[in-house]
Amino acid sequence: MKSAVIYYSKSGVTAKIAAKIQEKTGADMYFIEPENAYGSYFSAILRVARESLTGKRAKLKTAVSDFSDYDVIFIGFPVWYGTVPHFLQDYIRGCKLGGKRIIPFATAGANGKASSLKTLKRLLPGSEITDYFYTNRSKRADADIWLDSLRGV
């Protein structure tokens, strides 16, 4: 099975998990970036809140890629404002991932597990979303154990 990792990481936490996935599976890596970086932690919080409230989206620096040759797509993201970052949602929306197995992995400061999964289900109606990995500051999950438990990757 051919796999890819689509991810965004601001602080490097999500990137570390993406690297572990690549090491274990040999997946191709796709780092998704907004046109303008989000800056410091506090400026990023303010910007994300403003984008969520106004509906204004950050433009993408990364062009949408063709994932037709892949069977499994890992999607990694930090949970921002309770969900998948809006610019990453726009990227996912632009990909044709129907019929693919999607394995999400998310990192969070506090919460957003259920709401980010709900967002992915809305964005990917024809895909099989499985084996969701979620970790946050108060309840650390072990990515190595999760990766060892995955079937068929």
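The values are calculated or read from the model by the stated rules, or taken from the named source; none is laboratory data. Predicted, not measured: the structure shown is a model, and the values here were computed from it. Methodologically, a virtual Cβ is constructed for each residue, glycine included, from the backbone with ideal geometry; neighbour enumeration extends over all protein chains shown. We work out accessible area using only protein heavy atoms, side chains counted, and drop any ligands, DNA or RNA first. Shrake-Rupley method; radii C 1.70, N 1.55, O 1.52, S 1.80 Å.
Numbers below:
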quantity: Checklist (1) touching a residue at least 60 places away in the same chain (Cβ under 8 Å); (2) assigned to a loop (DSSP other than H, G, I, E, B) applied to ARG57, failing item; calculated: (1)
quantity: Selected residue (criterion: nearest to the chain's Cα centre (by Cα)) from residues of segment 17-40 that are within 23 Å of THR135 (Cβ to Cβ) and free of Cβ contacts under 8 Å to residues at least 12 places away in the same chain; calculated: ALA19
quantity: Whichever residue in segment 40-55 is surrounded by 10 or more Cβ atoms within 10 Å (Cβ to Cβ) and in contact with a His (Cβ under 9 Å, 6 or more places away or on another chain) and, among such residues, is nearest to SER127 (Cα to Cα); calculated: SER52
quantity: Where ASP66 falls short, out of the listed (1) buried (at least 20 other Cβ atoms within 10 Å of the Cβ); (2) over 14 Å from the mean Cα position of the chain (by Cα); calculated: (1)
quantity: Selection from segment 88-105 of residues that are touching a residue at least 60 places away in the same chain (Cβ under 8 Å) and either touching a Cys at 6+ places or on another chain (Cβ under 9 Å) or of a type outside the set (Ser, Thr, Tyr) (or both); calculated: LEU88, ILE92, CYS95, PHE105
quantity: Selection status of LEU60, open to solvent by 20 Å² or more (accessible area, probe 1.4 Å), among the hydrophobic types (A, V, I, L, M, F, W, C) and touching a strand residue (DSSP E or B) at 6+ places or on another chain (Cβ under 7 Å); calculated: yes
quantity: Given (1) of a type in the set (Asp, Glu); (2) more than 16 Å from ILE6 (Cα to Cα); (3) within 15 Å of the chain's Cα centre (by Cα), number of the condition ASP90 does not satisfy; calculated: (2)
quantity: Total residues in segment 6-35, condition assigned to a helix (DSSP H, G or I) and open to solvent by 60 Å² or more (accessible area, probe 1.4 Å); calculated: 6
quantity: Helices (runs of 4 or more DSSP H) wholly inside segment 62-153 containing at least 1 residues that are closer than 20 Å to THR25 by Cβ and β-branched (Val, Ile, Thr); calculated: 86-94, 143-149
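Each row is one residue, and each column tells you yes or no for (1) of a type in the set (D, E, K, R); (2) surrounded by fewer than 11 Cβ atoms within 10 Å (Cβ to Cβ); (3) in contact (Cβ under 8 Å) with a residue 60 or more places away in the chain.
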position: GLY109; (1), (2), (3): no, no, no
position: LYS113; (1), (2), (3): yes, no, no
position: LYS118; (1), (2), (3): yes, no, no
position: LYS121; (1), (2), (3): yes, no, no
position: GLY126; (1), (2), (3): no, yes, no
position: ASP131; (1), (2), (3): yes, no, no
position: ASN136; (1), (2), (3): no, no, no
position: ARG140; (1), (2), (3): yes, yes, no
position: TRP146; (1), (2), (3): no, no, no
